[in-house]
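We did not get these values from a lab; they are worked out from the coordinates using the rules stated. Nothing here was measured: the structure is a model prediction, and the numbers come from that model. Every residue, glycine as well, gets a Cβ built from its backbone with ideal geometry; the counts of neighbours run over all protein chains shown.
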Amino acid sequence: METMAFIVGSDKFEKLMMSIILSRTGVAMDVETHMFFTFWGLNLLRKGKADKAKVQMPPGMRSLATWMMKRKMMKSGFKKPSEMLSELVKTGKVHLHACSTTLELFGLKKEDLIPEVEDIVGAATFLDIASDADKVLVLA
Amino acid sequence: METMAFIVGSDKFEKLMMSIILSRTGVAMDVETHMFFTFWGLNLLRKGKADKAKVQMPPGMRSLATWMMKRKMMKSGFKKPSEMLSELVKTGKVHLHACSTTLELFGLKKEDLIPEVEDIVGAATFLDIASDADKVLVLA
Amino acid sequence: METMAFIVGSDKFEKLMMSIILSRTGVAMDVETHMFFTFWGLNLLRKGKADKAKVQMPPGMRSLATWMMKRKMMKSGFKKPSEMLSELVKTGKVHLHACSTTLELFGLKKEDLIPEVEDIVGAATFLDIASDADKVLVLA
């Protein structure tokens, strides 16, 4: 396997962590990963947002469950999501793509996104990337 | 890439739109798409239901968020989901398959579904289709 | 198609049933399936938990909807999830893998999991399996 492509369509903490853990493992195995952030997933690329991602739970239990999950992960040696994303991009093997349609729908601009975002692309560019990838996973 | 296969297992607006946008982009790139609607996803094929799909949010915020999302999409030039599905099927490159097991579980009949549905098939037929597809995506 | 790999990242009843129905259909078609249970999905491998899986609905409607869905499935001839999982593993064509990172995060041990679990593996082992699989599906 040489390349993976992910569609990240959710801004939930679990989906973010899956994309981080799988792409990080990919880096260690010399596998390149392209992540396409669309719909709610685009929120994760907004400045300051990745570290505020919440787990997927009903509102009443969500804050506590998120706090517990993050605390356990920190104790297990995980860094903050924003730091992990930044490190992944620095390897040159992980590419963050923002969905242009979603950006327009949400009224966002490139400067609202973290600098690690490589480009803003449409579905056609993503399908080209997905077509060349060995595996395509939807995290939504 | 010649063929994609989607498992649509959710009736949420985001999953419907992802399947529509990806398959529509596929049509423009001469890629054929097979969509297999199962579990809650089957709801999207019931007459009148696709246009009533709600976003995935807790009940208290869901109606407003759905209304806002749909309004923004209309302003961006998107048509109603039912119209987009119909246009996609008319291209001959997008195929809508309804899951026979779900149909039976929900006590539905073929005439409860929109006429654009190509056939009612089981998991074995879907796996055959998926096996031949270049990429298989789960939208659930 | 010879092999499928699933990432089961949710403990919801629909995701469990999708993984069971697809892998069972795979067995009938001589397709091998590897399932990697991670995040909430790991709950499904805890002793006594698979049969208690709930559908994905807001808390107020969840119990009733789960009861109705299970009742309908039993009437349609489906066995309990735990029995179906056990039968699938006995065919030798379906493999249940538990995510080591999640196990550690949740403070669980191998003896907390059902005996059908083949092994406890990390993301690297899973990516190896996924790399060899013809199709990789995320059920999360």
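Remarks
- Residues satisfying the stated conditions in segment B:45-62, i.e. farther than 12 Å from residue B:14 by Cβ and within 16 Å of the chain's Cα centre (by Cα): B:45, B:46, B:47, B:48, B:49, B:50, B:51, B:52
- Test for residue C:39: is it within 10 Å of chain B (Cβ to nearest Cβ), of a type in the set (Phe, Trp, Tyr) and crowded, with 24+ Cβ neighbours inside 10 Å: no
- The residue of segment C:3-41 that is nearest to residue B:10 (Cα to Cα), among those that are among the aliphatic types (A, V, I, L, M) and without any contact (Cβ under 8 Å) to a residue 60 or more places away in the chain, is C:21.
- Taken over segment C:1-36, the criterion of being of a type in the set (D, E, K, R), at the interface with chain B (Cβ under 10 Å from one of its Cβ atoms) and out of contact with any strand residue (DSSP E or B) (no Cβ under 7 Å at 6 or more places or on another chain) is satisfied by C:12, C:14, C:24.
- No other residue among B:68, B:57 is out of contact with any strand residue (DSSP E or B) (no Cβ under 6 Å at 6 or more places or on another chain), surrounded by 15 or more Cβ atoms within 10 Å (Cβ to Cβ) and of a type outside the set (Phe, Trp, Tyr) apart from B:57.
- Unmet criterion (only one of (1) of a type in the set (Ser, Thr, Tyr); (2) surrounded by fewer than 18 Cβ atoms within 10 Å (Cβ to Cβ); (3) over 21 Å from residue A:6 (Cα atoms)) for residue A:86: (3)
- Listed by position, the helices (runs of 4 or more DSSP H) enclosed by segment A:55-140 that each have at least 3 residues that are over 23 Å from residue B:138 (Cβ atoms) and not hydroxyl-bearing (Ser, Thr, Tyr) are A:59-75, A:81-90, A:100-105.
- Of all the listed residues (C:65, C:140, C:133), the sole one being within 9 Å of chain A (Cβ to nearest Cβ) and over 16 Å from the mean Cα position of the chain (by Cα) is C:133.
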